[in-house]
């Protein structure tokens, strides 16, 4: 998946996911990825782990931690690297938001590497 938005815009959208408390960014994420939907039938990326997993670039792996208060942390790496301090990551109010934010950062990184 090659998103039509520049990497900086994907990273800005990831930061908005980290500040979000709910599902309000689904339409913006779909648009950022060049998806076109009629009406309001956007995928529920920020509310569903299954939908958020579809954002993960091919070949990348995900580490997800959910804290006792329900907040979540995600760290990602690709097949060429293990998860490391500079890899795409996110800390969010929910697991789905954290996965969205980290996946958007991975897409930005993959795009900047020429993928």
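Quickly work out the residue 36-to-residue 61 label distance, labels modelled 7 Å from Cα along the C-beta direction, and quote it in nm with one decimal.
Going by the 7 Å Cα→Cβ label model, 3.9 nm.
So for 42, 60, fewest C-beta neighbours within 10 Å to most, what's the order?
Final ranking by Cβ density, sparse to dense: 42, 60.
Fewest first, what order do 62, 74 take by the number of other Cβ atoms within 10 Å?
The fewest-first ordering by Cβ neighbours comes to 62, 74.
Per-residue counts of other Cβ atoms within 10 Å, averaged by peptide: what ranking do you get for 5-11, 27-33, highest first? Mind dumping the intermediate values first?
On the way: 5-11: 16.0, 27-33: 18.1.
Ranked from most to least packed, the peptides come out as 27-33, 5-11.
Taking 0.36 nm per residue of separation and subtracting the Cα-Cα distance, what length does fully extending residue 91 through residue 73 add?
6.0 nm
Measure off 7 Å from each Cα along the Cα-to-Cβ vector at residue 16 and residue 53, then give the distance between these two points in nanometres to one decimal.
Spacing of the two 7 Å Cα→Cβ label points: 2.6 nm.
Readers should treat all values here as calculations from the given coordinates under stated rules, not as data from a laboratory. Note that the structure is predicted; figures quoted are calculated from it, not measured. Every residue, glycine among them, receives a Cβ derived from its backbone with ideal geometry; neighbour counts consider all protein chains shown.
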